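The numbers here are math on the coordinates, done by the rules we state, and not lab data. Keep in mind it's a predicted model, so treat the numbers as computed, not measured. Positions of Cβ are generated from backbone atoms using ideal geometry, with glycine treated the same way; all protein chains shown enter the neighbour counts.
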Ligand code: PSU
Ligand code: MN
């Protein structure tokens, strides 16, 4: 069922570290060519830190774990022409032999199938502002509740209601670990005003928690590792908050709903900030790839 790239298959067979990566961030999260450049840089950072990258996507209905450079280029160039694929969409895209860019939720599902326990991304989906009325809650959260993969992210964007997102994760029993921080990061900025559940200061301690949860206790479900954007790449809080507010108003005016809302907000924020937000977006993804590699290397040593 899975097309596992030979390099990834070899690493898994040898119990070496592998890091899963999503593809919605490539096709729907950034414009071309920055999306492809970033995807290639992320893979290079993972190799440099002793792990093998496995970018996940659906191509012609085949589940791909580990992509070639030309696959990455295709996903980036085709952009919104590739269908955003979450848990709900997987059977359709596969049965109808379409191309799918996997979200955090769909990437977690496939990573677990391929036995890859560590996954790096930028930001996760969550409970949207106004969810009490719209009921817009990303399927990423439900996936974290049930699928045993650690997701390394820079927290979540404040396009979401971060307080409610953390409450949801608490209800579902998903641990939120702050890497070298007590504060839950808000993607472009290092602090959201909310605290993480546990702070851990090195990759080995994080790997130890994962091993205890899955290997020793056999407790199923994900773990969210929150890694703040590097200080040098943090955005001005006021500028980013204003951009987010404006983007949300525009989305409301244009009646954007459902799966379209997150990509719409990301693209508008990038334009409103004149590309500033994308610079910090790229750096935080690279930073997450580095930490995920370190965790994967330490976790591989336990098995
Ligand atoms: N948040 C970001 N960048 C992203 C996404 C979310 O800051 O690229 C993408 C991820 O793929 C995430 C998805 O899994 O959007 C969530 O979409 P939704 O809210 O429709 O579940
Ligand atoms: Mn949604």
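How would 194, 216, 184, 74 line up from fewest to most surrounding beta-carbon atoms within 10 angstrom? Before the final figure, lay out the partial values.
Numbers: 194 16, 216 10, 184 25, 74 19.
By the 10 Å Cβ count, ascending: 216, 194, 74, 184.
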Ordered by fewest other Cβ atoms within 10 Å, a rough proxy for footprinting exposure, 179, 198 read 198, 179
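Using 0.36 nm per residue, how much length does the chain from residue 205 to residue 92 gain when fully extended, once their Cα-Cα distance is taken away?
Details: separation 113, 0.36 × 113 = 40.68 nm, distance 3.96 nm.
Between residue 205 and residue 92, full extension yields an extra 36.7 nm.
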Taking square-rooted eigenvalues a ≥ b ≥ c of the alpha carbon gyration tensor, is the stretch 70-208 rounded, prolate or oblate, where a/c under 1.5 means rounded and, failing that, a/b exceeding b/c means prolate?
prolate
How do 87, 190, 62 rank when sorted from fewest to most other Cβ atoms within 10 Å of their own Cβ?
62, 87, 190
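At 0.890 mPa s and 25 °C, plugging the Kirkwood radius over alpha-carbon pairs of the chain into Stokes-Einstein gives what diffusion coefficient in µm²/s?
Working: Rh = 18.9 Å.
In µm²/s, the coefficient rounds to 130.
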Spin-label model distance (nm) - residue 252 vs residue 194, 7 Å beyond Cα toward Cβ
2.0
Once you put a point 7 Å from the Cα of residue 217 and another 7 Å from the Cα of residue 115, both along the Cβ direction, what distance in nm separates them?
2.4
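What number, in percent, do you get for the relative contact order of the chain if the mean sequence gap of Cα pairs under 8 Å and at least 6 apart is divided by its residue count? Each step should come with its number before you reach the end.
Numbers: 640 pairs, mean separation 61.2, N = 303.
20 percent.
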Theoretical ellipticity at 222 nm over the chain - DSSP helices of four or more residues, -39500 (n - 2.57) apiece, nearest 500:
-14000 deg cm²/dmol
Between residue 70 and residue 236, the two model label points (7 Å from Cα along the beta-carbon direction) sit apart by a distance in nm of 4.6
